[in-house]
Amino acid sequence: MLSKEQRAQIIDPALQRLYPSPLPPLVHKDAYTLLLAVLLSARCTDACVNRVTPALFALADTPLAMSQCSVVDVQAIIRSCGLSPQKAKAIVGLSQKLITEHAGQVPSNFEALEALPGIGHKSASVVMAQAFNQAAFPVDTHIYRMAHRWKLSEARSISRVEADLKALFPKNRWISLHLQFIYYAREHCPARRCYGKECLLCKELNGEEG
C-alpha cells in the first residue's frame, strides 16, 4: 500500500508532464473580471461562465461601472449560469463595496476577499492564486474527487482536504497543481466514468495496471 507521500510523488511529475503550463479556464483580463467569473462559476460550468461573461463585461467591466448597473440588467445576462438572482445581487453589491471600501481595487488578501458578497474561501483562493500569484490550493468538486480517488485525503470537509493537499505538495506547486488536478479530472477521470479504477493514474496508484 502506497503512503500518501508516495502517491503525491507519483502524481506531481505525472501532472507536470501532461499539463506543463496550465492556463486558468475562466476567461478574464484582470483581477476584477476574474472575481466576477469565479463568482459566476459556483454550481455552474466554466464553459457556461465563459459564454455569458463577454456580454456581462460589455455591460460593465470595472467596479465603478458595475456598481451603477441594475441587478435586473445583470441578472438578464447571467440567467443561464443558475442562481442568477443571488449572483446578480452579489455582483452589484461587491462592486459597490470595492468602490466604498477598497478604492475600486480588488483586495489582495483573503480576509477582505471573503468579506465581499458572494465570495467564499474557495473563490478567494482562486483570485489570490490566479490574479495575485499568491500560493493557494483552491478545492473544487474535481479536486475533492481526485483527492479521495487518489487516497491523498480521507477528509469530508473541503477545508480539511485543502489542508491535506497543502501538506503533501510543495508550496511553489500549489497554483499549478490546482489547475492540473482539474484538467486531469475533466479529461481522464470524470465523476461518472473512472470511479478510481480506469484512468492511467488511478490504475498506477491503486495497483491495477495491466
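FYI, it's all coordinate maths here, none of it is from the lab. Keep in mind that this is a model prediction, so the values were computed, not measured. Every residue, glycine as well, gets a Cβ built from its backbone with ideal geometry; the counts of neighbours run over all protein chains shown.
List of remarks:
- Shape call, segment 100-155: gyration tensor on alpha carbons, a/c limit 1.5: prolate
- Rounded FRET efficiency, nearest 0.05, which uses the C-beta distance separating ALA58 from ARG160 and R0 of 35 Å: 0.30
- Computed helical MRE - 222 nm, the chain, DSSP H runs ≥ 4 contributing -39500 (n - 2.57), nearest 500: -18500 deg cm²/dmol
- Counting only residues at least eight positions apart within a chain, or on another chain, the aspartates and glutamates with an alpha carbon under 15 Å from that of LYS166 are GLU5, ASP12, ASP140, GLU154.
- Charges were assigned to the Cβ only: +1 to each Lys and Arg, -1 to each Asp and Glu. The resulting dipole of segment 31-132 about its Cα centre is roughly 300 debye.
- Paired Rg and Dmax values of segment 93-194, which use every Cα atom, in angstrom: 15.1, 48
- Estimated FRET transfer efficiency when R0 is 35 angstrom, pair GLU111-MET1 (beta carbons, to 0.05): 0.30
- Among CYS44, CYS81, a tally of other beta-carbon atoms within 10 Å of each Cβ gives an order, fewest to most, of CYS44, CYS81.
- Diffusion coefficient, µm² s⁻¹, Stokes-Einstein with Kirkwood Rh over alpha-carbon pairs of the chain at 10 °C and 1.306 mPa s: 88 µm²/s
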